[in-house]
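The values are calculated or read from the model by the stated rules, or taken from the named source; none is laboratory data. Since we're looking at a predicted model, the values are computed, not measured. So basically every Cβ, Gly included, is an ideal-geometry build from the backbone, and we count neighbours across all protein chains shown.
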């Protein structure tokens, strides 16, 4: 996982410009069948519990499609989050409502 601080430029309805983070995740499929990445969800929470607001931009590509057995896939996610909330971050990743959520805690580089 890679966490990088960025300046977010609003590009859609309801988005705001300002400090944020880009989170890049990698998953490796160690199973015998292709694994769907379609329903992967990522949420970010700042140090005081403030949620990051996900922002869509062309150069930020989330997980899509499937990952074949033995292969690795990468997805990136952009969140608007004030600088004061960025250390540490809590990152929650899940793939289905019935699957466990994986929690990471980290700081941007």
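Structural remarks
- Among the residues making up segment 47-59, those that are in a loop (DSSP other than H, G, I, E, B) and closer than 20 Å to residue 15 by Cα are 49, 50, 52, 56, 57, 58, 59.
- Filtered by the rule that a residue be farther than 18 Å from residue 61 by Cβ and assigned to a loop (DSSP other than H, G, I, E, B), segment 5-26 gives 10, 13, 14, 16, 17.
- Selected residue (criterion: modelled with the lowest pLDDT) from residues of segment 27-46 that are in a loop (DSSP other than H, G, I, E, B) and within 15 Å of residue 92 (Cβ to Cβ): 39
- Per-region count, segment 25-57, residues farther than 16 Å from residue 81 by Cα and surrounded by 14 or more Cβ atoms within 10 Å (Cβ to Cβ): 8
- All positions within segment 23-56 that are touching a strand residue (DSSP E or B) at 6+ places or on another chain (Cβ under 6 Å) and closer than 18 Å to residue 5 by Cα: 23, 24, 25, 42, 43, 44, 45, 51, 52, 53, 54, 55
- Residue count for segment 60-106, restricted to those that are in a loop (DSSP other than H, G, I, E, B) and without any contact (Cβ under 8 Å) to a residue 12 or more places away in the chain: 5
- Residues of segment 1-15 that turn out to be closer than 20 Å to residue 72 by Cβ and surrounded by 11 or more Cβ atoms within 10 Å (Cβ to Cβ), as a count: 3
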